[in-house]
1. Quick one: 3J(HN,Hα) in Hz for the stretch D:185-193, Karplus 6.51/-1.76/1.60 with θ = phi - 60°, rounded, Gly and Pro as x.
2. What are the ³J(HN,Hα) couplings of the stretch B:69-83, residue after residue, when phi is run through the Karplus curve with 6.51, -1.76, 1.60 and θ = phi - 60°? Round to Hz, x for glycine and proline.
3. How many angstrom separate the Cα center of the stretch B:32-50 from the Cα center of the stretch D:208-249?
4. Put a label point 7 Å from Cα along the Cβ direction on residue B:95, then list its distances to the equivalent points in the other copies in nm, shortest first.
5. Would you mind ranking C:142, A:171 by Cβ crowding within 10 Å, fewest neighbours first?
6. Which distances, shortest first and in nm, link residue B:207 to the matching position in the other copies, using label points set 7 Å out along Cα to C-beta?
7. Largest first and in whole Å, give the semi-axes of the protein assembly as shown's equivalent ellipsoid, each being the square root of 5 times a Cα gyration tensor eigenvalue.
8. In percent, how large is the relative contact order of the stretch C:1-139, given Cα pairs closer than 8 Å and 6 or more residues apart?
There are 4 protein chains.
Amino acid sequence: MPAASVSSGEPIRVAVIGYGYWGPNLVRNFSGLDGCAVTAVCDLDAEVLEAVARRYPSVRTTDDATALLRGDDIDAVAIATPVSTHHRLARQVIESGRHVLIEKPMTSTAEEARDLIAMAEAAGVVLMVDHTFLYTGAVRKIRELLDSGEVGTPFYFDSERISLGLLQQDINVIWDLAPHDLSILQYLFDESPESLQAVGYRHVGSGREEMATLNLHYPGGLHAQVRVSWLSPVKVRRTLLGGSRRMIVYDDVEPSEKIRVYDKGVALDLDGEEVTPLKPIYRAGDVHIPTLDRTEALQVEAAHFLECIRDGVRPLTGGPEGLAVVEWLEAADRSLAAGGTFVSLES
Amino acid sequence: MPAASVSSGEPIRVAVIGYGYWGPNLVRNFSGLDGCAVTAVCDLDAEVLEAVARRYPSVRTTDDATALLRGDDIDAVAIATPVSTHHRLARQVIESGRHVLIEKPMTSTAEEARDLIAMAEAAGVVLMVDHTFLYTGAVRKIRELLDSGEVGTPFYFDSERISLGLLQQDINVIWDLAPHDLSILQYLFDESPESLQAVGYRHVGSGREEMATLNLHYPGGLHAQVRVSWLSPVKVRRTLLGGSRRMIVYDDVEPSEKIRVYDKGVALDLDGEEVTPLKPIYRAGDVHIPTLDRTEALQVEAAHFLECIRDGVRPLTGGPEGLAVVEWLEAADRSLAAGGTFVSLES
Amino acid sequence: MPAASVSSGEPIRVAVIGYGYWGPNLVRNFSGLDGCAVTAVCDLDAEVLEAVARRYPSVRTTDDATALLRGDDIDAVAIATPVSTHHRLARQVIESGRHVLIEKPMTSTAEEARDLIAMAEAAGVVLMVDHTFLYTGAVRKIRELLDSGEVGTPFYFDSERISLGLLQQDINVIWDLAPHDLSILQYLFDESPESLQAVGYRHVGSGREEMATLNLHYPGGLHAQVRVSWLSPVKVRRTLLGGSRRMIVYDDVEPSEKIRVYDKGVALDLDGEEVTPLKPIYRAGDVHIPTLDRTEALQVEAAHFLECIRDGVRPLTGGPEGLAVVEWLEAADRSLAAGGTFVSLES
Amino acid sequence: MPAASVSSGEPIRVAVIGYGYWGPNLVRNFSGLDGCAVTAVCDLDAEVLEAVARRYPSVRTTDDATALLRGDDIDAVAIATPVSTHHRLARQVIESGRHVLIEKPMTSTAEEARDLIAMAEAAGVVLMVDHTFLYTGAVRKIRELLDSGEVGTPFYFDSERISLGLLQQDINVIWDLAPHDLSILQYLFDESPESLQAVGYRHVGSGREEMATLNLHYPGGLHAQVRVSWLSPVKVRRTLLGGSRRMIVYDDVEPSEKIRVYDKGVALDLDGEEVTPLKPIYRAGDVHIPTLDRTEALQVEAAHFLECIRDGVRPLTGGPEGLAVVEWLEAADRSLAAGGTFVSLES
């Protein structure tokens, strides 16, 4: 089946499968873009579909994905359903010759992800994964600071993503929250981690880990820690990135000042000063809070998806990037099962 | 040699060995207490001794601990020197029949700690370890909230103690900073951890871990995480304690509102409500910030030390408590050496 | 023309005039309510109307308010246009027999406000003013704390509402921002201020005050200060309310913990303690952060407007309340013109 | 009597009168400086003197200022007593030929201040006023930012200095807290305010204003607001300084990041952009947090006092600066008495 060809004059017609937490954001953002129209929405819940119909009277609604894809009013499909259904639904979409955008994490297993990559390549359609954070001004600014050499050699990446709820029933907290941090890691650093370790805990009785810590080791000495929890009384979304020249605090809960760059460093050979236990060898410098592009990330991402479809651009967050994150998530589950030992990430 | 007998009418005469970072606080606090006099200070640095002499003209100063102990003007000695010297100096103090207060961590090895415990028992002198945080209003309030049942079953203890510097040369960051959290753990919970895991990292080239994470597992399901770092651009001293009924945030950087009690919980069977992924089963309640006793912790501790000497009270932070912390620190080093595997804490 | 009679079975049909900053919120909230339909939108900007048509295809759009009101598909009209047009438009709406909701401040002059009150009474239609803050969980909680006697005698109300921009061209910063605080004052306290003083400043050259401070004096000793600014680098929305028994901090920038109740007080006769300059006579107690109803204020308000129409309930924020705020704003202008002297508010 | 002549080789001998809240800081800081010795302390409280004697055995203590000055062991005197006694004591000190440092505010009346200035000039002694904040790294950095032109034309200075207690008995809250802000104003700007207005309130029954707001107008358009209170549940020490090019937030409660420089501005002619009510004409730029000299302010000030004595340097905070602050305080009292009208500051 040939890939949906989209001539540049016509709007790209997008369907959304899954109208739960994230689906409305997808519909709103794709609706708002020039050169794009949301034409159909699929969800299993009749009440949800009614609400969609009321709000977007011109949008076709259905509770049957197969029926959805039978329509000839669709060029691309965004999937925002539970992870366990991603592979099956994305296969259907690709088989029908449409481009596909899949919510994170891409699939339940790396094997499924590899299958989708191969299918999309064969079908000549765009396969993109919804790693939303890479489209924020904050994460792009961090990448910029790394690229410019300002940060120096990166020492560590330390991320905390904790709050109360929402408890997912089909996946543990790592699969729910860590994809954000893992996709950021995957984007920021050119090298890949070589091993990973995870510890996780269950308290409420959900049968799935509700709190967890991941440690990722990189060949060059960089290491990353990612902490995720559904059981914290306070909401924290904070990443520290320490480098040899500067250190960055990325606080996503801050409404406007999300990135702080500390001109601070620690060294043993700093200016030849004498090192003694009571004479800390650190450099306390200024702090800089850069302005950030505040465009909604999903809007930037949706526009990028359309650009990939129209101009054949390779997605920033395509199949391989989605696969990497799923591989790390699988490794985390293996480490959990093995009682928290480090597991290798060599493919 | 008989233990120093102190009649209740006379002031207890205290000597301090080590006048670096902590020593001045010891001198200031013991000086300020009724029924107590600081009579001698020992430090290797001549300039430091001169400063002491200027500030406290009546205090005998010396750079020789043996000479210090030869004087008959001492009932008790506080040791605030590098960890590696604690055992040797405390032995001398106990052998001379004086009571001893040792800065945390108690010793470099559990064996040394056991040796001191045995010696102090034989000599009939008070052996106390300077686990300062247990004497703060904040930590005592947390213990109170646990004891009263308000918190419910404790789920987790999560502590972060990070800042820039000060780099210690003789110990790694775990031995430097984690004793605070480990002593708090030891105090708050009646059960003991059964296993422990540590990962640590070196970046600056000090040859010692500068950042580390400890995970402690308790038999009943409680778990604790302690993160320590000398390489953070921001100073954080924050502990989360999650229980089945309430959750506590203890932020030691806050000048006055250090403890926040969240009347929040998460449960699967809450009020029989239906559990769905989009319907988080959490209870969002009020937050309560209790007033705390703001007496300087070291003052409370110093008074307790005097009380132990005078009234034969068993120290809240005696030899066994100091030993437990050292055992956990040793286990952390073993886990680090083994690449981050869990090691057993069963004695 | 008779007042729109609305039978309880049919939805109330709402039109919105003005689709700038606030209009979209009105449309969204009225659309979302049961028993209500947004049927028409009026704005002068053709592009804006196109966007409305795309988003709400069933909504009639027009750039002519007279034409809007000619339709028989309207029971009530919400006006969200510049203040100078409120009186003229509201007159038209009332004359056409429709109920009306007017954005704050109600009108440009107290005379205009009195005119609308008289007209609405004669026409038997609901006249309501959009004092949104009175429908927030935070402000209702403060009222509750005052009513229950928990706060004791209120001493002062101190509000700061400052940020960078947005510069209004037709009104000064007092008319733009202070209506929020003045309506809150009007709601919280049973007595009315007897005099008012204002100082204001212009820097950018807009020809209107860009920063100002209001002081309101109440007969019983209560006083209120309201500070507003378009020229602050930081956004602050903070109200302190001090009472003889408790003090409240209302921080509207806080995402969730907007209200903090301090169990603190100051007294000269506190427990008969001796008063000396160095012995402050204050009581430092716990802080309590109550949970608040987090329903969007405009949704509560829209529902209340419908309730007033359907059940003949007197609006919480009706004509008299709107008039009071406009009277105080006029007094502020008089004080500004008189160089900051106190002006009487006696009617 | 000739002024105390101090040869550069000998230490300057300082006496301190008043050992209440501030006196101990004076003794500690003068003691810590090279080329200086604290030789005598005077206080009316026998217990206080005993404590001084225990802590500083070499310091002469007395409860009689006249006796204190009779000693030949004094070159300079620091006065830290209630304001009402400043003039009488400072006269005695100057008459005895000693240099004098007076706590803020300098005196109870401008007339008293002028008298001291004349006396000190005649006697050839250094007269300095303890405007401590001008010796902080933060305030000096603000001055630097103003001098360099970075801030542009200063628009406003807005300061809030509020907390719970301490209630002073002999002066109102303006005389207690506002001298800090007024001295900062006096230091930062070259021009002087031309008029001033004050409103104040009493609630607790102390007979003195416990909360107040001052507005100061400058001939060039600059204006300053200073708010002080003993009745706030929260401690705030925050100054906003808005200029045409940059805006500064000075938060003195922040432990380390006290100064934030916002590269934000508002203008009507910015880049020729069209001005509309919904298109705010502001520039949102980066924020910069400069490192500050963190030396204790009183130490810098004490050193400066010694430098003035030894090298004949004119004090940064001498008699004229102290007088200016007292004149403004007197004007504030006049405005309070007149019901909050603006009063002229022209001498």
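1. 4, 4, 7, 6, 10, 6, 7, 10, x
2. Once rounded to whole Hz, the list reads 6, 5, x, 9, 10, 10, 9, 8, 10, 9, 10, 10, 10, x, 3.
3. Cα centroid to Cα centroid, the span is 46 Å.
4. For residue B:95, the inter-copy label distances come out at 6.7, 8.4, 10.7 nm.
5. So the residues, fewest neighbours to most, are A:171, C:142.
6. Once sorted, the set of distances for residue B:207 reads 5.4, 7.1, 7.6 nm.
7. 57, 47, 28
8. 24 percent
Throughout, read-outs are computed from the coordinates displayed, never taken from laboratory work. Everything numeric here is computed off the predicted structure, so don't read it as measured data. Backbone-built Cβ (ideal geometry, glycine too); neighbour counts: all protein chains shown.
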